[in-house]
């Protein structure tokens, strides 16, 4: 019912409103800018007075253009060259034999035999972290850095900020809830 009432008010006196709008004087359009027609090609040749500086041949500019040398390279070839440089640099970098690896092929990756100095595999990092966590007096940051050919600053940061095996048992709020007993 509300739609009917709204339609009645919308259509009320519609014809009178339309005639009133149509009978209003329309606004005049803005005057166009006066444009001089471009000189025709035939007229400029006959007169000889108009010179087109864009199409005119300039010996000075032509000599400058002949002295320019442009060398371009294919971006795909440039990236291939960069990849070969990186692989050659990795081969040239000092490498150390792998200290620890998981038996088998757990992640479907190629088994490594050596790694660059200053880097660790995930298994080596986990082994070093667990050794330090279980025996911090024996496995000091200095010894870990020496064993795995790492920077001492990086080793200290690794031991401080990367804690993968920390289990926290939160006590239940009620005494009737089951709780895992620490062994």
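A short reminder: the numbers here are calculations on the coordinates, not readings from a lab. Please read all numbers here as calculations on a predicted model, not as lab measurements. Cβ atoms come from the backbone with ideal geometry, glycine included; neighbour counts cover every protein chain shown.
Please list 135-145, 26-36, 52-62 highest first by mean number of surrounding beta-carbon atoms within 10 Å per residue.
The most tightly packed comes first, giving 135-145, 52-62, 26-36.
Between residue 9 and residue 173, what FRET efficiency follows from the Cβ-Cβ distance if R0 is 45 Å, with the result rounded to 0.05?
0.10
Full-extension gain between residue 94 and residue 134, please, as 0.36 nm times their residue separation minus the C-alpha to C-alpha distance.
So the chain would gain 11.3 nm between residue 94 and residue 134.
Taking 0.36 nm per residue of separation and subtracting the Cα-Cα distance, what length does fully extending residue 21 through residue 84 add?
15.0 nm is the gain from fully extending residue 21 to residue 84.
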